[in-house]
Every structure is written in structure tokens, then in C-alpha cells.
Amino acid sequence: MSIRDVILAAILLSSTCVASAKADVPNVATDIAPVHSLVAQVMEGLGAPGQVVRPGASPHGYAMRPSEARILQEADVVFWIGPQLTPWLGGAIANLAPQAPVTALLDARGTTLLEFRTGVQFAADDHEHEHESGRGDQESAQYDPHAWLDPQNASVWLGVIADELGRIDPENAETYAANAKASQLRIAAAEAEIGEILAPAKALQFVVFHDAYHYFESRFGLSAAAAIAAGDASDPGPARIEEVRQTMHDLNVACVFSEPEFNPAFVATVIEGTSAKAGLIDPLGAGIEAGPGFYSALLRSVADELVKCVD
Ligand SMILES: [Zn+2]
């Protein structure tokens with residue numbers, strides 16, 4: 001093939017893409033990278049959503065940049081986890097995207113919700129209650145918002161996202177629905193694969209930085225011994241740190257996982273003088289390339305880091 005043929009082929013290919021892409025695909029705003037990835041999967045071939053919370057930042061407390069505010073300003077539709085994760089974002093959506101329909105995924109029908117765990121040591125008092133949300137009436141207010149780490153929630157949300165985009169953009173509804181279906185199959189395959197990856201880690205005693213992994217643990221049959229910080233990622237006080245150290249001693253904890261979004265000094269403090277190894281897990285996948293492939297890669301990365309500690 002000559003250079004001229006390559007250029008011709010590229011022009012043909014790009015014009016085909018332009019012809020098949022619908023110009024009126026809505027502008028979509030999302031909050032965090034996992035939600036961005038699920039929406040990107042549903043929109044694949046048509047467009048890509050914007051993301052408000054930048055990679056590597058904690059969504060629990062956040063200051064938007066002007067470019068991120070613009071994503072909301074230009075949004076025709078918004079998908080976010082909900083105010084439980086990003087209390088600061090509700091007001092920003094109301095101010096910057098007052099006309100846009102907004103979907104809080106925690107309120108979506110069929111979402112499995114888990115209550116916040118209280119205290120430091122989960123092994124002793126791990127009461128799990130699964131609830132089916134769906135009335136959309138702030139019923140989920142007291143629940144742990146890190147629900148994206150359950151692949152079955154992601155699967156439910158793909159359907160919700162496709163329905164909502166199809167309602168707003170009926171011309172492309174079939175594509176959204178077909179994309180969601182294909183993604184649901186891929187996520188189910190990833191879930192099975194991750195279950196196998198995690199087999200050696202079932203009995204692992206580990207401490208996480210903040211209480212963000214309840215959904216992941218619950219779905220894959222693991223159990224963190226403790227979290228240094230609570231589910232809202234507020235800085236732990238000296239009493240909590242001491243309790244974590246006691247738990248580590250009592251349960252012979254093998255690994256303590258820090259997170260790139262938070263101060264590593266707390267991890268260094270709890271690990272000091274113990275034989276526990278330090279690891280790093282990121283519930284938001286800051287190092288993973290954004291886009292459709294992000295979501296399954298995120299789950300795999302959490303599993304890989306946990307298993308690394310077993311070796
Ligand atoms: Zn969190």
C-alpha cells in the first residue's frame with residue numbers, strides 16, 4: 001500500500017465515522033472515573049462523556065477547576081454516584097446544570113446498597129444488610145457510597161445509563177442499549193475472572209486506608225480487618241490510629257494498603273514496628289487510562305494488589 005493509499009483509506013475511514021456519528025449526541029457530565037467509564041461504554045462509537053473529579057483527587061472533598069465547571073455547564077445530562085460520596089457536587093449541579101436531567105446512581109432501582117460500617121475493626125461487628133434501592137427518594141442517605149466496586153451494581157447502572165441516554169437521544173437508543181448489553185457481558189466475565197484471581201486471598205488479613213471496599217469485599221468474599229479512616233475519608237484521630245494498631249496486633253494483619261489520594265503518613269504510623277507489608281490500592285484507579293476499558297481494569301487492579309500481599 002502506498003502512502004497515498006494509506007491517506008485515502010484514513011480519509012475514507014474518518015468520513016465513515018463522521019457519517020455514522022450523530023451530531024446531536026448529548027453532552028454528558030459524570031463525577032468519578034468509574035462512572036465516566038460506564039457511560040463511555042454506553043456511548044462507545046457515538047461520543048464520550050466529561051468527568052468532573054480529576055484522577056488522583058479524593059471525591060469526598062474537592063474543589064472544581066474552571067474546565068470541570070464547564071463540563072457541568074455544557075451538560076445535557078448528568079450521571080453521578082450521589083451526595084453521599086460528593087456532598088459538594090449537588091449544589092454545583094443545581095447551579096451549573098439546572099436544566100439537565102440528573103441521575104444519582106445510588107438511587108437507581110436494583111442497586112445493592114450496604115450500610116456504612118462503624119468502628120475500626122470490621123471482623124468483629126460486620127453486620128451486612130443488603131437493600132434494594134429504587135424509590136429515588138433519598139432512601140439511600142445512610143448507605144456507603146462506594147457502590148461502584150460491586151460489578152453487579154455497575155451492570156445495573158449500565159442499563160440505567162442506556163435507558164436515560166435513549167430517552168434523551170431516541171435516535172441512538174438502540175446503540176446505547178446494545179452497547180450496555182455488550183458491556184454487561186464483559187463485566188460478568190471480568191467478575192468471574194477476578195473471583196479466580198482472588199482465590200488465594202480469601203483468608204488474607206488486611207487493613208485499608210479508608211472504608212471504601214465493603215462492596216468489593218462483600219461481592220468477592222473477602223473481609224478487611226479495619227480501615228484507618230472512616231468511609232467519608234476524614235482524617236483519623238489518635239484514638240482510632242491506636243485501635244487500628246491494636247487490631248493489627250490481635251489479627252496478625254499481613255498488609256496495610258494506602259491510597260494515592262490520601263496522606264501516606266497515617267499508613268506509616270500504623271505499620272511502624274509491625275511485620276505488616278505496605279501496599280497500595282486505589283478505589284478510583286488514578287493510574288488507569290480513562291475510557292470504556294477503565295472499569296474492568298480498576299476491579300482487576302484492586303484484586304491484583306490484594307493478591308500481591310499474599311505472596
Ligand atoms: Zn471514598
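Observations, loosely collected:
- Filter result (within 16 Å of the ligand (Cβ to nearest atom) and out of contact with any Ser or Thr (no Cβ under 8 Å at 6 or more places or on another chain)) within region 146-163: His146, Trp148, Leu149
- Hits in region 248-305 (condition: within 16 Å of the chain's Cα centre (by Cα), buried (at least 22 other Cβ atoms within 10 Å of the Cβ) and free of Cβ contacts under 8 Å to residues at least 60 places away in the same chain): Glu259, Asp282
- Matching helices (runs of 4 or more DSSP H) fully within region 187-294 where at least 3 residues are among the acidic types (Asp, Glu): 238-251
Conditions (1) within 24 Å of Pro59 (Cα to Cα); (2) aliphatic (A, V, I, L, M); (3) within 16 Å of the ligand (Cβ to nearest atom), marked per residue:
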residue: Ala189; (1), (2), (3): no, yes, no
residue: Ile194; (1), (2), (3): no, yes, no
residue: Pro200; (1), (2), (3): no, no, no
residue: Tyr215; (1), (2), (3): yes, no, yes
residue: Gly237; (1), (2), (3): yes, no, no
residue: His249; (1), (2), (3): no, no, no
residue: Asn252; (1), (2), (3): no, no, no
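Every number in this text was worked out from the coordinates using simple rules, so none of it is lab data. This is a predicted model, so every value here is computed, not measured. Note: ideal-geometry Cβ built from the backbone for every residue, glycine included; neighbour counts use all protein chains shown.
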